[in-house]
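Notes follow once the structure below has been shown.
Each reported figure results from applying straightforward, stated rules to the coordinates on display, with no laboratory input. No experiment lies behind these values; they were computed from the predicted model shown. Cβ placement follows ideal geometry from the backbone for every residue including glycine, while neighbour counts extend to all protein chains displayed.
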Amino acid sequence: MPIDISEVRALGARLDNAGRRVGADASQLLRATALRIQADAQQLAPVDTGYLRNSISTTITGNGNAGIMTAEIGPTAEYGIYQEYGTSVMPPQPFMGPAADRNLPGFTAGLAQLATRGL
């Protein structure tokens, strides 16, 4: 009894192409979201001299092809953490958390869209 596996091969090819397409789109989504978080954090950061605001940057590692990509967003100003969370003598003036909160729902929704259209 002969078995026709042409449809299995076609499905395999579609899955392979979908993975590459979704990976590239997810990479773009991560980059765009990270840059929006950076911009919002810079807008929300308390400003005295502008050093804290200007020290907020984004570092992206990986390219999404291997399925691993990260974005790190935050200030290099050593006092940024104290502004965000406060101290025993200073109330918090959060800027990173609210910036992430503004943008993560859109990122999650974008990932869900990519997952549903992947095939």
**Fill in**
Compactness summary of the range 26-117: radius of gyration and Dmax from Cα atoms, Å, are 14.9, 51
**Prompt:** Distance in nm between label sites at Ala115 and Thr87, each 7 Å beyond Cα in the beta-carbon direction?
**Reply:** 4.3
